[in-house]
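Chemist: Mind looking over this structure? Questions follow.
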Amino acid sequence: MAPASNLQAYALRLKPGDDLRQQLTAFVAAQHLEAGAVLTCVGSLTDVSLRLANQESATHYHGHFEIVSLVGTLSASGGGHLHLAVADSTGRTLGGHLLDGCRIYTTAEIVLGALPGLRFTRETDPTFGYKELVVKPAPPTVVKKR
């Protein structure tokens with residue numbers, strides 16, 4: 001049976017010029033989140049950096065893009081696994097692994113869910129050799145007596 005947790009939500013807004021991935025990583029670290037997920041994200045980007053399916057290196061795009069989806073898991077100690085989908089001015093949609101270098105155009109409105117009862121780590125899965133998600137119960141919180 002998979003471990004369960006209550007959900008705590010955080011809402012934030014990123015501003016023009018912010019790097020989407022770097023700001024998410026910084027927020028997760030500042031909040032000491034050990035298990036989180038992106039609940040929703042809307043906004044726009046001028047630069048997009050993705051690792052496309054089954055590709056080793058980044059692909060970069062420059063222009064004006066709407067964020068149509070951002071999904072994934074986050075952890076201060078286990079990193080993150082995030083997928084981004086964006087649409088250009090013709091509606092053509094691109095998607096892949098979110099990388100550093102995605103710059104906010106006007107805004108990014110994000111709601112993150114924190115799962116305080118869980119801890120996300122990443123361990124190498126022998127099937128393909130990638131570090132994959134491992135879900136564990138969070139260690140108990142120690143309360144110091146005065």
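Chemist: Going by what's in this entry, would Arg103 be described as under 16 Å from Arg21 (Cβ atoms), crowded, with 16+ Cβ neighbours inside 10 Å and charged (D, E, K, R)?
Modeler: So Arg103 fits the description; yes.
Chemist: A follow-up question, please. For region 104-112, indicate whether the set of residues that are free of Cβ contacts under 8 Å to residues at least 40 places away in the same chain and either assigned to a strand (DSSP E or B) or closer than 14 Å to Val42 by Cβ (or both) is non-empty. Step through it out loud before you land on a result.
Modeler: Let us first name the residues in region 104-112 that are free of Cβ contacts under 8 Å to residues at least 40 places away in the same chain, namely none.
Within region 104-112 (the criterion being free of Cβ contacts under 8 Å to residues at least 40 places away in the same chain and either assigned to a strand (DSSP E or B) or closer than 14 Å to Val42 by Cβ (or both)), the answer is no, since none of the residues qualifies.
Chemist: So Gly91 ticks every box in (1) in contact with a Gly (Cβ under 6 Å, 6 or more places away or on another chain); (2) more than 15 Å from Leu24 (Cα to Cα) but one. Which box is left unticked?
Modeler: Evaluating Gly91 over (1) in contact with a Gly (Cβ under 6 Å, 6 or more places away or on another chain); (2) more than 15 Å from Leu24 (Cα to Cα) leaves (1) as the failure.
Chemist: The conditions are (1) touching a strand residue (DSSP E or B) at 6+ places or on another chain (Cβ under 7 Å); (2) at pLDDT below 95, and Pro140 fails exactly one of them. Which is it?
Modeler: Unmet condition: (1).
Chemist: Please report, ordered by residue number, the strands (runs of 3 or more DSSP E) entirely within region 1-76 with at least 3 residues that are at pLDDT 95 or above, buried (at least 16 other Cβ atoms within 10 Å of the Cβ) and of a type outside the set (Ser, Thr, Tyr).
Modeler: Fully inside region 1-76 and qualifying: 36-51, 59-75.
Chemist: Just to be sure, is Ala85 in a strand (DSSP E or B) and either without any contact (Cβ under 8 Å) to a residue 24 or more places away in the chain or more than 21 Å from Lys15 (Cα to Cα) (or both)?
Modeler: Criteria met by Ala85.
Residue by residue, here is whether (1) within 21 Å of Gly63 (Cα to Cα); (2) within 18 Å of the chain's Cα centre (by Cα); (3) surrounded by 13 or more Cβ atoms within 10 Å (Cβ to Cβ) holds:
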{"site": "Ala85", "(1), (2), (3)": "yes, yes, yes"}
{"site": "Gly91", "(1), (2), (3)": "yes, no, no"}
{"site": "Ala108", "(1), (2), (3)": "yes, yes, yes"}
{"site": "Ala138", "(1), (2), (3)": "no, no, yes"}
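Chemist: Return the residues of region 101-130 that are under 19 Å from Gly36 (Cα atoms) and among the charged types (D, E, K, R); say none if nothing qualifies.
Modeler: Hits for region 101-130 are Glu109, Arg119, Arg122, Glu123.
Chemist: Just the residues that are within 30 Å of Gly17 (Cβ to Cβ) and either among the hydrophobic types (A, V, I, L, M, F, W, C) or crowded, with 19+ Cβ neighbours inside 10 Å (or both), please, taken from region 114-124.
Modeler: Selection gives Ala114, Phe120.
Chemist: Determine whether Gly80 is outside any loop (DSSP other than H, G, I, E, B), in contact with a helix residue (DSSP H, G or I) (Cβ under 9 Å, 6 or more places away or on another chain) and at pLDDT below 95. Spell out how you get there, then give the answer.
Modeler: Details: outside any loop (DSSP other than H, G, I, E, B): yes; in contact with a helix residue (DSSP H, G or I) (Cβ under 9 Å, 6 or more places away or on another chain): yes; at pLDDT below 95: yes.
It is true that Gly80 is outside any loop (DSSP other than H, G, I, E, B), in contact with a helix residue (DSSP H, G or I) (Cβ under 9 Å, 6 or more places away or on another chain) and at pLDDT below 95.
Chemist: Has region 1-18 got at least one residue that is under 17 Å from Leu74 (Cα atoms) and free of Cβ contacts under 8 Å to residues at least 60 places away in the same chain?
Modeler: No - not one qualifying residue is present in region 1-18.
The values are calculated or read from the model by the stated rules, or taken from the named source; none is laboratory data. If you're wondering where the values come from, they're calculated on a predicted model, not measured in any experiment. Note that each Cβ is placed from the backbone with ideal geometry, even for glycine, and that neighbours are counted across all protein chains shown.
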